[in-house]
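Read through the structure below, which is laid out as structure tokens, and then see the notes.
The values are calculated or read from the model by the stated rules, or taken from the named source; none is laboratory data. Just so we're clear, the structure is a prediction, and the values are computed from it rather than from any experiment. Because the Cβ atoms are built from the backbone with ideal geometry, glycine has one as well, and the counts that use them run over all protein chains shown.
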Amino acid sequence: MELEDAMAVWEARRGFLRLKWAPGIDIDGPLADAAVQYVNRLNGDQARPLLVDMTGMRMLTRDARVVFTRPCMVSRLALLGRSRVDAMLANFALGVASHPMPMHFFTDEVEAASWLVRGDDPPPRGFRWWRSAEGTPRSR
């Protein structure tokens, strides 16, 4: 699958990047690596927040999860999903390893964008769980 068919990336008006995966996509290691490299090129030498819309994503392989734990030019990451399957995939991805930036899962796009822009930690009410940049699991 071509990268352009797998995802769309653009800059939101509030200054962060948005990445939307194609519905029904299976993300493997090479696709994950291509997405990270694309975001790194867009951000240049300035790490910026990233909102990833994973709604309808079908699968995230082990190799993809490994790629997503590597340092990159992202300062904060908000995962956005709508279904229980999205939440399960995000929970599995976040729960198995520590990440180099604060990451949170949201079901509300406005709350996700607000958290990215504010830069506070922990996230606002309405989140389910998160893992700090140090890898310490937390919940409310």
Taking only pairs six or more apart or across chains, which ones have beta-carbon atoms under 9 Å, a first residue in the stretch 1-19 that is at negative phi, and a second residue that is assigned to a loop (DSSP other than H, G, I, E, B) and surrounded by fewer than 12 Cβ atoms within 10 Å (Cβ to Cβ)? none
Condition broken by residue 88, with the remaining ones in (1) touching a residue at least 60 places away in the same chain (Cβ under 8 Å); (2) assigned to a helix (DSSP H, G or I) satisfied: (1)
Please verify whether residue 65 is assigned to a helix (DSSP H, G or I) and modelled with pLDDT under 95, treating the condition exactly as stated. yes
From the list 22, 32, which residue is more than 16 Å from residue 85 (Cα to Cα) and among the aliphatic types (A, V, I, L, M)? 32
Across the stretch 40-67, what is the total count of residues that are charged (D, E, K, R), surrounded by fewer than 16 Cβ atoms within 10 Å (Cβ to Cβ) and either more than 17 Å from residue 101 (Cα to Cα) or within 12 Å of the chain's Cα centre (by Cα) (or both)? 4
Looking at the stretch 68-99 only, could you name the residues that are at pLDDT 75 or above, surrounded by fewer than 21 Cβ atoms within 10 Å (Cβ to Cβ) and under 26 Å from residue 44 (Cβ atoms)? 69, 70, 71, 72, 73, 75
Can you name every residue in the stretch 39-49 that is free of Cβ contacts under 8 Å to residues at least 60 places away in the same chain and either assigned to a loop (DSSP other than H, G, I, E, B) or touching a helix residue (DSSP H, G or I) at 6+ places or on another chain (Cβ under 9 Å) (or both)? 44, 45, 46, 47, 48
Selection over the stretch 14-33 where residues are closer than 17 Å to residue 71 by Cβ and in a helix (DSSP H, G or I) yields a count of 3
